[in-house]
1. Report yes if some residue within segment 63-82 is in contact with a Gly (Cβ under 7 Å, 6 or more places away or on another chain) and over 9 Å from L34 (Cα atoms); otherwise report no.
2. Determine whether K241 is surrounded by fewer than 21 Cβ atoms within 10 Å (Cβ to Cβ), charged (D, E, K, R) and part of a helix (DSSP H, G or I).
3. Being part of a helix (DSSP H, G or I) and either over 26 Å from H115 (Cα atoms) or among the charged types (D, E, K, R) (or both) is the filter here; which residues of segment 184-201 pass it?
4. Would it be correct to say that S87 is closer than 23 Å to P155 by Cβ, surrounded by 16 or more Cβ atoms within 10 Å (Cβ to Cβ) and small (G, A, S)?
5. Could you say whether any residue in segment 160-183 is assigned to a loop (DSSP other than H, G, I, E, B), at pLDDT 95 or above and among the basic types (K, R)?
6. Counting just the residues of segment 48-84 that are in contact (Cβ under 8 Å) with a residue 60 or more places away in the chain and assigned to a strand (DSSP E or B), which one comes out nearest to H159 (Cα to Cα)?
7. Evaluate segment 30-47: report whether one residue or more is part of a loop (DSSP other than H, G, I, E, B), out of contact with any Gly (no Cβ under 9 Å at 6 or more places or on another chain), closer than 23 Å to H137 by Cα and touching a residue at least 12 places away in the same chain (Cβ under 8 Å).
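The values are calculated or read from the model by the stated rules, or taken from the named source; none is laboratory data. Treat the numbers as computed from the prediction; the structure is a model and nothing was measured. Here the Cβ positions follow ideal geometry from the backbone for every residue, glycine too, while neighbour counts run over all protein chains shown.
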Amino acid sequence: MKNLSVVIITKNEVKNIERCLTSINDISKDIIILDSESSDDTELICKNFPVRFIKNRFIDYSTQKNFGNEFAKNDYILSIDADEVLSKELLQSINETCFNNNDNKAYSFNRLNHHCGKPIKYGGWYPDKKLRIWNKHFGQWEGTIHEELVFKEPPQIAHLKGDLLHFTYNNKKEHIAQAKKFSKLNAESDYKKGKKTNLGLAYLSSLIRFIFIYFIKLGFLDGKIGFFIAKTTAHATFLRKKELISLKINK
């Protein structure tokens with residue numbers, strides 16, 4: 001087993017967590033589940049694996065992940081989500097890597113996103129490079145919506161072979177609901193930062209976003225699902241601007 005801890009945050013992940021835990025079971029004896037008060041059988045499934053299941057009220061993604069890191073027995077941490085799986089090639093790459101607690105090194109790899117079960121190779125979805133292994137003494141998560149690792153000192157970064165398989169939206173309704181959710185959250189963030197917009201800019205930004213994803217980033221090569229992704233993302237851009245206008249009107 002590697003000198004590596006794994007931290008996963010969960011909430012109602014009964015559809016995903018078993019697949020995730022199965023993929024990491026051979027790389028660590030220290031797997032921490034930080035659960036945000038799941039109401040399904042997530043905990044029951046986790047008990048079938050050698051994990052530490054810890055409940056904690058959710059505030060934001062960075063706070064939750066940083067709290068989970070505090071329980072890690074090892075200095076090096078692999079952070080993955082419940083709907084992510086290590087490919088065999090990535091698993092091998094991690095097993096071949098030596099983690100020295102005194103080093104300020106970090107490791108990245110590509111993420112292959114799946115939409116409705118289909119791998120998406122275009123539209124800017126791949127390679128979706130992620131930095132997910134690092135020494136906890138040199139960096140922590142920051143950001144309330146789109147969290148990222150921030151380091152005290154720049155680490156030495158190595159890129160590992162193999163993909164992290166991300167089983168994102170199981171159906172189109174999930175994607176649309178998530179797009180609406182994050183459009184509102186992003187608009188609230190924009191409002192706090194004092195950003196401005198108007199309805200004309202909202203339409204223009206949405207059109208530019210669609211053209212960028214579908215044509216420039218070759219989203220059309222993913223077929224019908226590529227068109228849906230481009231359309232949904234463009235609409236989310238419009239909703240974000242529209243929500244920002246509403247916030248300014250109702251302030």
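1. No, segment 63-82 contains no residue that is in contact with a Gly (Cβ under 7 Å, 6 or more places away or on another chain) and over 9 Å from L34 (Cα atoms).
2. Details: surrounded by fewer than 21 Cβ atoms within 10 Å (Cβ to Cβ): no; charged (D, E, K, R): yes; part of a helix (DSSP H, G or I): yes.
For K241, the condition - surrounded by fewer than 21 Cβ atoms within 10 Å (Cβ to Cβ), charged (D, E, K, R) and part of a helix (DSSP H, G or I) - is not met.
3. Within segment 184-201, K184, E188, S189, D190, Y191, K192, L199, G200, L201 meet the criteria.
4. no
5. Taking every residue of segment 160-183 in turn, none turns out to be assigned to a loop (DSSP other than H, G, I, E, B), at pLDDT 95 or above and among the basic types (K, R).
6. Checking each candidate, the answer is L78.
7. Step one: filter segment 30-47 for residues part of a loop (DSSP other than H, G, I, E, B), giving 36-41, 47.
Going one step further and asking which of them are out of contact with any Gly (no Cβ under 9 Å at 6 or more places or on another chain), we end up with 36-41, 47.
From the residues that got through so far, the ones that are closer than 23 Å to H137 by Cα too are none.
No, that holds for no residue.
Results for (1) more than 13 Å from the chain's Cα centre (by Cα); (2) surrounded by 14 or more Cβ atoms within 10 Å (Cβ to Cβ), shown as yes or no for each residue.
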site	(1), (2)
N135	yes, yes
W141	no, yes
K152	yes, no
H159	yes, no
N171	yes, no
E174	yes, no
A179	yes, yes
D190	yes, yes
